[in-house]
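Student: Structure below; questions to follow.
The values are calculated or read from the model by the stated rules, or taken from the named source; none is laboratory data. Since the model is a prediction, treat every value here as computed from it, not as a measurement. Here the Cβ is made from the backbone with ideal geometry for all residues, glycine too, and neighbour counts use every protein chain on show. The protein model used for the area step is the full one, side chains on, heavy atoms only, and it has no ligands, DNA or RNA in it. Shrake-Rupley method; radii C 1.70, N 1.55, O 1.52, S 1.80 Å.
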Amino acid sequence: MALLGRLGALLQRAMETEEPRLDLPSAFADHWKGLTHYYLEATDENKPARQTDIPWHLKQMLDILVYEEKQQPSGETGPCLEYLLQHKVLETLATLGKAEYPPGMRSQVLLFFSRLLGQMQCPLLHYLNVHRPVQKLLQLGSDALASEPEKEAVQLVAVLCVKIHQDPALLPCILEDSSVDQPFHPHRSSADPNLATGGPLPPSPKEAPGGVPLTEPSSFAQNLVASLISLCKSQKRKVALKAQENLLLLSSVNHPTPALALARDGKLGTLVANHLCTLHDAIPDILNPADIATLQPVSWRLQSSSAEDKGSFLGQRNLEAFFAWLDLCDCLVKKSHPIVTDAVKKAVGQRLFHGRLEPQLLQMAEHGILLATALLTILARQIRSPALLQELTVFVLGAEEGQAGPGDPEQHHPLRSQLIERCNHLSDEISMATLKLFEELLRLPDQHVVQTLVLGNLEQRSYILRSLPGQEEPVAREQEPCEDGLDLEEDPYFMDGFSGTTFRTSAKPKPAVLFAPKLRMQPEERTGVKEVVSSFLCLVPSEAKTSTYLEEAGYDTYVHDASMLFKECSANAAHWNWPQVPRPLEGCPEISCFYEGHFLKVLLDRLTRILDQPYAMNLQVTSVLSRLALFPHPHLHEYFLDPYLPLAPGCRTLFSVLIRVIGDLMQRTQRIPNFPESLLQVRKQLMGLVAEESLIAHRTLLEGVVVLEEFCKELAAIVFVKSAPEGPP
């Protein structure tokens, strides 16, 4: 019995000395009191926060909250979380973080907030005592932050963006001091929200006619967007990249209510466009326009962050920063909710296109014109989102697509008129820069460009001579035989490895295999295509042909290039609903006088001066004309590539202009001694086959002849490729 008594006493003492069960609410309150007690006893105001007990207390508080939530039944609020909400712990922390006392406290607070919101599963942001201090911290994000808390700030913003993307109700729900209604209800805790928020959640809202809820200005949305944009500008590449990724994530929320809060209340479009304009203004005016053309495509994800990378030309870093942000805007327009897309594209259009570029494009200073035109050309090359492309093309060309008359000064859209006139400017540099811009515009997958520049004046087919009284068909021109009687198979450009030819050759080689696909055509179709191709190849007389003497300058090269470009044009036009055949003449109203339109007029005028223009200018003009000839519209094909078209009085086409140029060439070459030898020498110099360029009389004219020969072969290749029934070989 004594032994049993002693054992019982030992057990009793063990039970009395056993550590009591963990009291989470008391421990949580003790850690909070320990943190606040620092401010009562601290003597060294310069001591960093990380060297105090504050980080340890915050970590313990977070661990307790996370542990408590795991022990609670789903949807219920534990006593520690209620303590945090009732005692406005987060409000106090946000105030301490804003005061930055002790030094580095802001980083500790931001880190605690991001971990709390990221690790807790219950929807805390619905409580006023949570999202109000979050707003206070977000306001700091738009201030001039020191470099130290940027990492922690972007972590908090990233958590918020993820939470909002998962639950779009969060963004419009947590509007402060507003009565906003939601078309759907956010997740609610089983605990009484009045306990934590001090009032009920806002009642249900009214809706606009389009079904989008009407909201009051959202300070949360404004602060969140402003903080994101501020962090996107960080000099730390990792911070900026993470902020930009979360900006895209936030803008892609698939619901109209949060999208409206971002676009209208958060002013996302305005803030994004303003920074784009700031970066544009930072581009130095002394930048060489030629350097802009060498700039490689810039991605917002891959922009260089090396401080030592000074660029290969003056202003390259500024230029890359501008186009990197433009690429981000392009992604926003492409991937965001339609409401956000519309806001961003309109803001970019108003502030950058009209506010910055338009005054620069309409100025009179030559350097300024060249710089603005080069920037606009790269803009057209880099933008890929259809909505922003449309905004760009309407800015450059206007919204109207109707037929233009010869006396129409296009006062309704002065920029388009000015740009078209500059294709025929006194300055060759301005003309070539503007032609490059139009060539880039014609590459865009936007029907509006072709329709506005060219098709509007070709819709009625008034370039065709109508039937005379008593005739059922239009009067056709009599087909002229090819010079020297060369048939398609007789032309030397259809032969592989042709050499040893003199001018005026009459040898008849074997038909080239390049025309094998035409054997699948009907005989009359094959003959028609053959005649058209031959007409272009035989335009330049034998005396002016030099490419047969040089290697790798044959017709097959142009067929391959035309095939690739035609596929590109056809892919762009696949959804434009263009007709497959020309519009019937009986359905076209008769127009007394055909006018090709301002753009085509300038191009054809330039083509008539091909023998008097610099070589680079001729290449640019023919490049734009070739691009137009590639489009798979029957009216464009007919007007550009049908040499036997019966033309209305006073009408000119590409083929008729070439005939006149060839006539002028033959007259002028009669006065040039040793013309064939000089022409061949110039061609070798242009191809780099001659080490030193010798002075040759009439060089401009001879260079124009070289361009003429190659242009005619290029047009013949386009005819061939476009006429292949099963696609180019």
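Student: If you take the residues of segment 391-402 that are buried (at least 18 other Cβ atoms within 10 Å of the Cβ) and of a type outside the set (V, I, T), which of them is nearest to Q418 (Cα to Cα)?
Tutor: Residues of segment 391-402 that are buried (at least 18 other Cβ atoms within 10 Å of the Cβ), as a first pass: 391-393, 395-397.
Pick out the ones that are also of a type outside the set (V, I, T) and you get 391-392, 395, 397.
Values: E391: 19, L392: 16, F395: 13, L397: 10 Å.
Filtering segment 391-402 for residues that are buried (at least 18 other Cβ atoms within 10 Å of the Cβ) and of a type outside the set (V, I, T), the one nearest to Q418 (Cα to Cα) comes out as L397.
Student: Starting from segment 78-94, take each residue that is closer than 15 Å to Q135 by Cα and list its partners that are surrounded by fewer than 16 Cβ atoms within 10 Å (Cβ to Cβ), counting only C-beta distances under 9 angstrom and pairs at least six apart or across chains.
Tutor: The qualifying pairs are T92/T36.
Student: Is there a residue in segment 619-631 that is open to solvent by less than 10 Å² (accessible area, probe 1.4 Å) and either in contact with a Cys (Cβ under 6 Å, 6 or more places away or on another chain) or without any contact (Cβ under 8 Å) to a residue 12 or more places away in the chain (or both)?
Tutor: Yes, segment 619-631 contains at least one residue that is open to solvent by less than 10 Å² (accessible area, probe 1.4 Å) and either in contact with a Cys (Cβ under 6 Å, 6 or more places away or on another chain) or without any contact (Cβ under 8 Å) to a residue 12 or more places away in the chain (or both).
Student: Please enumerate the residues belonging to segment 687-710 that are aliphatic (A, V, I, L, M) and either assigned to a loop (DSSP other than H, G, I, E, B) or in contact with a helix residue (DSSP H, G or I) (Cβ under 6 Å, 6 or more places away or on another chain) (or both).
Tutor: Initially, segment 687-710 is screened for residues aliphatic (A, V, I, L, M), giving 687, 689-691, 695-697, 701-702, 705-708.
Hits for segment 687-710 are M687, L689, V690, A691, L695, I696, A697, L702, V705, V706, V707.
Student: Taking the stated definitions as given, is L453 open to solvent by less than 30 Å² (accessible area, probe 1.4 Å), on the phi < 0 side of the Ramachandran plot and under 19 Å from the mean Cα position of the chain (by Cα)?
Tutor: Here the answer is no, as L453 does not meet what is asked.
Student: Specify which of the listed residues (V162, V134) is open to solvent by 40 Å² or more (accessible area, probe 1.4 Å), modelled with pLDDT of 90 or more and assigned to a helix (DSSP H, G or I).
Tutor: V162
Student: Moving to a separate point now. Check whether at least one residue in segment 292-303 is of a type in the set (A, V, I, L, M) and open to solvent by 60 Å² or more (accessible area, probe 1.4 Å), and report yes or no.
Tutor: Scanning segment 292-303 turns up at least one residue that is of a type in the set (A, V, I, L, M) and open to solvent by 60 Å² or more (accessible area, probe 1.4 Å).
Student: So, in segment 33-77, exactly how many residues are of a type in the set (S, T, N, Q) and either in contact (Cβ under 8 Å) with a residue 12 or more places away in the chain or at positive phi (or both)?
Tutor: Counting residues in segment 33-77 that are of a type in the set (S, T, N, Q) and either in contact (Cβ under 8 Å) with a residue 12 or more places away in the chain or at positive phi (or both) gives 5.
Student: In the set E82, E68, which member is of a type in the set (D, E) and open to solvent by 40 Å² or more (accessible area, probe 1.4 Å)?
Tutor: Within the list E82, E68, the selection yields E82.
Student: For segment 217-228, indicate whether the set of residues that are modelled with pLDDT under 50 and either out of contact with any Lys or Arg (no Cβ under 7 Å at 6 or more places or on another chain) or aliphatic (A, V, I, L, M) (or both) is non-empty.
Tutor: Yes, there is a match, as at least one residue in segment 217-228 is modelled with pLDDT under 50 and either out of contact with any Lys or Arg (no Cβ under 7 Å at 6 or more places or on another chain) or aliphatic (A, V, I, L, M) (or both).
Student: Does any residue of segment 275-284 turn out to be over 19 Å from Q350 (Cβ atoms), touching a Ser or Thr at 6+ places or on another chain (Cβ under 9 Å) and modelled with pLDDT of 95 or more?
Tutor: Residues of segment 275-284 that are over 19 Å from Q350 (Cβ atoms), as a first pass: 282-284.
Filter once more, keeping what is touching a Ser or Thr at 6+ places or on another chain (Cβ under 9 Å): none.
No, segment 275-284 has no match at all.
Here is a yes/no grid of residues against (1) of a type in the set (A, V, I, L, M, F, W, C); (2) assigned to a loop (DSSP other than H, G, I, E, B); (3) more than 25 Å from V225 (Cα to Cα):
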residue: L260; (1), (2), (3): yes, no, no
residue: N274; (1), (2), (3): no, no, no
residue: D285; (1), (2), (3): no, yes, yes
residue: I292; (1), (2), (3): yes, no, yes
residue: D330; (1), (2), (3): no, no, no
residue: I339; (1), (2), (3): yes, no, no
residue: G349; (1), (2), (3): no, no, no
